Amino acid sequence: MSWAVNWISNIGAATINRITVFGRATLMLIGAIIAKPQPAKLIPLTIKQLYVVGVQSLLIIIVSGLFIGMVMALQGYTILVGYGAEGSLGPMVALSLLRELGPVVTALLFAGRAGSALTAEIGLMKATEQLSSLEMMAVDPLRRVIAPRLWAGIIAMPMLALIFSAVGILGGHLVGVDWLGVDYGSYWSIMQSTVDWNKDVMNGVIKSIVFAFVVTWIATFKGYDSVPTSEGISKATTETVVFSSLAVLGLDFILTALMFGIE
Amino acid sequence: MENLIEINNLTFRRSGRLIYDDISINIVKGKTTAIMGPSGIGKTTMLRLMGGQLLPDSGDVKFKGESIPNMSRKRLFEVRRQMSMLFQSGALFTDMTVFDNIAFPLREHTRLSESLIETIVMLKLQAVGLRGAAQLMPAELSGGMARRAALARAIALDPDMIMYDEPFAGQDPISMGVLVKLIKAFNDALQLTSVVVTHDVTEVMSIADYVYILAEKKVIGSGTPEQIRNSQSPLVQQFLEGKADGPVPFHYPADSVQQAFLGAEL
């Protein structure tokens, strides 16, 4: 029977361990963004981080958005044309992008491009004693280092997702209208009459804000909690990408079910 | 003599492993105190306990009579403005110039005008001989220069105490000499209290007023450099003379040589 006891106690230990990590992550979050914010110092630091995580992610977002829009138009056209419904290409591309692909793919790309960089940067700051030296200079690293990065991620990602969707719709236009000959007017007008501001655009933005929060939280926490060795930082960076991606996909299902699943 | 820091009966464990067993150390105000010991016995840990970054399992650390482990976070941050630490790596912020690194604590904790900050930063850089390097990035500095720049940052707010974590480790003889001179000069000119954690015996014995030697989780010797040199303890002598074998064994504990190389039947 001892293996059974061991098995159960291992499950218990793993559970307690996970809950402890979650508790530490929550404490970090509280210390960084809830406890006594200092806007005068926070805003300039956040703007700098917005440039790093937002502006520097623009290229990958625009290129990916363009290609995904083009592929969707191509795939959609070959199916819709069989029913003589190629006029609905516009709403098909726009709805898929605004509701799903925009927020989700942006979050996945953001985790890979900006999330991993955040983890590595904070992890290296820990390894080179920069976080410790901040503490010894009586400056709270949670407010100085973590908070601006968290806010920057939460602000940047929804904007990136909207840009992604917009560029994707243009990509769909490029392939559907300019190349395959779908009617220009029907591409845009059916899209306009079908896409609903609240139901489609805002729900996509809400999804994106949730993903932004989760991905940036994971990325900053993994860096802050990393073991300050080369191996520890590499592990933390990998975990950021893996955990954020899984969290985004899992949350996407839940949010979709809440927003669109039950009429 | 007034004590700036008093460590009383301190016991500290990390992940279940005992690091310090009932240690007491006093840091006298205005003097240079050296804490020496073989690597791996947690000398840096001692500085982190003094700075309140780690909490002891039992015992107390007092700064100017106030207990550091029992302070609120707010009070601890106030107290930390009076102490300063020179990290082994220098810990300069890699995304700022040397100038901005040294201006950083001033900008965070004072409301001085930018022109006054510039004057103070340049004075501090002049003191460590790096005024010409103000606009360089930390990556462009040599190891010795980085440590001097970090030293300028450590004295930016004119603290009462500086803790030096292995200031001489990995330095060439010239920068070592420069650092010894600077530590001595700051101690004398600014009436600082200095705590130097190191295993570079000769350098630190030349500037220390009082020496503690840590080994085997305890203080194995303490006194003025003269008293330490004349100590009868074989452990202290092994450390001072750098003998490979002695009370601190050359071999990491292992099973017997016979058993390892000739099989268990012997």
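The values are calculated or read from the model by the stated rules, or taken from the named source; none is laboratory data. Remember, it's a predicted structure, so these values are computed and weren't measured experimentally. Cβ sites come from the backbone with ideal geometry, for glycine too, and all protein chains shown count toward neighbours. Each accessible area value is taken on the protein alone, full model and side chains, heavy atoms only, with ligands, DNA and RNA left out. Shrake-Rupley method; radii C 1.70, N 1.55, O 1.52, S 1.80 Å.
What to note about this one:
- Using alpha-carbon coordinates, inclination of helix A:147-173 to the longest axis of chain A, degrees: 20 degrees
- Taking every alpha-carbon pair within segment B:1-63, the share separated by more than 19 Å comes to 26 percent.
- In terms of its alpha-carbon gyration tensor, segment B:74-147 comes out oblate; a/c meets the 1.5 threshold, while b/c is at least as large as a/b.
- When the surface is traced with a 1.4 Å probe over the full set of protein chains, B:D245 keeps roughly 90 Å² accessible.
- Accessible area, probe 1.4 Å, largest first, for residues A:W188, A:W217, A:W3: A:W3, A:W188, A:W217
- B:T32 long-range amide H proximity, modeled H, under 5 Å: B:S194, B:D209, B:Y210
- Segment A:106-122 and segment B:152-215 have their alpha-carbon centroids 40 Å apart.
- Antiparallel DSSP beta bridges within the protein assembly as shown, as percent of all bridges there, nearest 5: 55 percent
- The count of lysine pairs in chain B with alpha-carbon distances below 21 Å, taking only pairs 8 or more places apart or on different chains, stands at 23.
- Cα extents of chain A along the three principal axes, largest first (Å): 66, 59, 34
- Debye-sum result for chain B in log10 I(q)/I(0), which assumes one identical scatterer on each alpha carbon, at q = 0.08, 0.11, 0.15 Å⁻¹: -0.37, -0.66, -1.13
- Pairwise burial A:B, computed as accessible area of each alone minus the pair, summed, 1.4 Å, Å²: 1900 Å²
- Per-residue SASA entry for B:H199, accessible area with 1.4 Å probe, Å² rounded to 10: 80 Å²
- When chain B is treated as a Gaussian network with alpha carbon springs shorter than 10 Å, the biggest mean-square fluctuation among B:I155, B:I120, B:I207 belongs to B:I120.
- Viscosity 1.567 mPa s, temperature 4 °C, Stokes-Einstein D of segment A:174-263 from Kirkwood C-alpha radius, µm²/s: 80 µm²/s
- Average beta-carbon neighbours from other chains, 10 Å sphere, peptide B:82-92: 4
- Per atom type, the protein assembly as shown shows carbon and sulfur on 63% of its accessible surface, probed at 1.4 Å.
- Of A:T15, B:T45, B:T94, the residue with the largest accessible area leads and the full order is B:T94, A:T15, B:T45 (1.4 Å probe).
- For segment A:152-214, the square roots of the Cα gyration tensor eigenvalues, ordered a ≥ b ≥ c, give a/c of at least 1.5 with a/b no greater than b/c, which places it in the oblate category.
- Rolling a 1.4 Å probe over the protein chains gives B:Y212 an accessible area of about 20 Å².
- Expected 222 nm ellipticity per residue - DSSP helices of 4 or more, -39500 (n - 2.57), all of chain A, to 500: -23500 deg cm²/dmol
- Three-way shape label, segment B:113-163, alpha-carbon gyration tensor, a/c 1.5: oblate
- DSSP-defined beta bridges in chain B - what % are antiparallel, rounded to 5: 55 percent
- Whole-angstrom Cα spans of the protein assembly as shown along principal axes, big to small: 101, 76, 41
- Proximal charge balance of A:D200 [Cβ under 12 Å; K/R count +1, D/E count -1]: +1
- Interface burial in segment A:130-159 reaches 50 Å² or more for A:Q130, A:E135, A:M136, A:M137, A:A138, A:R144, comparing the full protein assembly with the chain by itself; accessible area from heavy atoms with a 1.4 Å probe.
- Principal axis extents of the C-alpha atoms in segment A:133-181 (largest first, rounded to whole Å): 66, 14, 6.
- The largest accessible area among B:Y164, A:Y83, B:Y210, A:Y184 belongs to the first residue in A:Y83, A:Y184, B:Y210, B:Y164, and the rest follow in falling order (1.4 Å probe, all chains).
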